[in-house]
Amino acid sequence: MSTTRTRANPQTAHRLALLESMLRVRRFEERCVELYSAARIKGFMHLYIGEEAVAVGVNEALTDDDAVVSTYREHGHALARGVPAGAIMAEMFGKATGCSRGRGGSMHLFDTGRRFYGGNAIVGGGLPLAAGLALADRMTGRRRVTCCFFGDGAFAEGEFHETANLAALWGLPLLLVCENNLYAMGTALAHHQARTDLALRAAGYGMASWAVDGMDVLAVEDAARRAAEGVRGGGGPHFLEMRTYRFRAHSMYDSDRYRDKAEIEHWKERDPVEGLARQLREAKELSDRARTALEDRLTAEIDAAVEGAERAPEEPVEDLLKYVTSPVEASPP
């Protein structure tokens, strides 16, 4: 999913590609904050800043044939899946060239060509959809994985427990990735879950489950590959609890008064982007000059995405009812 080019060994090249992918997500969202603050992007917007290692690491373990179902905090998932920044930015602007034709905005990114099935504004709403995709693959004998991202808040929803039970009962090829950032909106995990070890609880459904350091992209990728291979090999559903943290508030409307500032700063010391960059520098695999060149390239990419979104047309009023219902097919004679 990356455009990093290097003469370094394959391991170094791979780590540099992971850094580029995470930086793309970080810089894209930082630009979105600027645009939102200037009222050029409107509506709801939920930022992924701090959680980039999860989206990038997991998507590295998936193939183009696999499916991804996301949440309303999905900019990072979409970018890591390969949805172009220009198509996402146009969607943020509500333009017809957006990946959802401007009809979905920040919470409803969609790209069926890349098997990226949203974007869902309902907490836990993507879980039963993912189960349906996985069931279709099992019934047709396709060796594909459906990966469903959701937050720790969704663990309290009936959709999770229904999906986990049926997935284990039917042996569905489903990879459940819980992004445990410790807060369901403004409610701390310990205040909405009596047992906070979510991987242990998921194991109660009879599926392979384990917890992962969600601030380490290499650990995420390794765990996701093991899980995806297990699912693809007929091992039934797997559950990964990604222990991560969002650096920003729940949404742009959130005053973020429920967290101690010292807690946020503590987690920022484990920034997944800068952590990998530091490893690369210490190994002499990333120079200051190369980092600057990478930042410049991403800035140009995002600048082009913003310029394209600003120039893009809005959907004509006469087309607003298009796609609301399926077209009526002619009845057979």
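The values are calculated or read from the model by the stated rules, or taken from the named source; none is laboratory data. For clarity, every value in this text was computed on a predicted model and none was experimentally measured. Cβ coordinates were reconstructed from backbone atoms using ideal geometry, including for glycine residues, and neighbour counts include every protein chain displayed. What goes into the accessible areas is simple: the full protein's heavy atoms, side chains included, and nothing from ligands, DNA or RNA. Shrake-Rupley method; radii C 1.70, N 1.55, O 1.52, S 1.80 Å.
Quick look at the numbers
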item: Span-like helix ranges in the chain, DSSP H, alpha carbon extent 24 angstrom or more, Kyte mean at least -0.5; result: 10-37
item: Accessible surface, per residue, of the range 1-128 when the full set of protein chains is kept, probe 1.4 Å, Å²; result: 35 Å²
item: Lysines whose Cα lies under 29 Å from that of Lys95, excluding same-chain neighbours fewer than 8 positions away; result: Lys42, Lys322
item: Simple spin-label estimate for Leu320 and Arg289 in nanometres, 7 Å along Cα-Cβ; result: 5.6 nm
item: For the range 256-327: accessible area per residue (Å², 1.4 Å); result: 71 Å²
item: Highest average packing first - 37-49, 144-156, Cβ atoms within 10 Å; result: 144-156, 37-49
item: Solvent exposure of the range 191-238 as accessible area per residue, Å², 1.4 Å probe; result: 46 Å²
item: FRET E, pair Asp197, Glu307, Förster distance 51 Å, beta-carbon r, rounded to 0.05; result: 0.60
item: DSSP-defined beta bridges in the range 176-241 - what % are antiparallel, rounded to 5; result: 20 percent
item: The chain, dipole about Cα centre (Lys/Arg Cβ +1, Asp/Glu Cβ -1), debye to the nearest 20; result: 460 debye
item: Cut-off under 5 Å, modelled amide H: who pairs with Ala211 long-range; result: Glu241
item: The chain, accessible surface, carbon-and-sulfur percent (1.4 angstrom probe); result: 52 percent
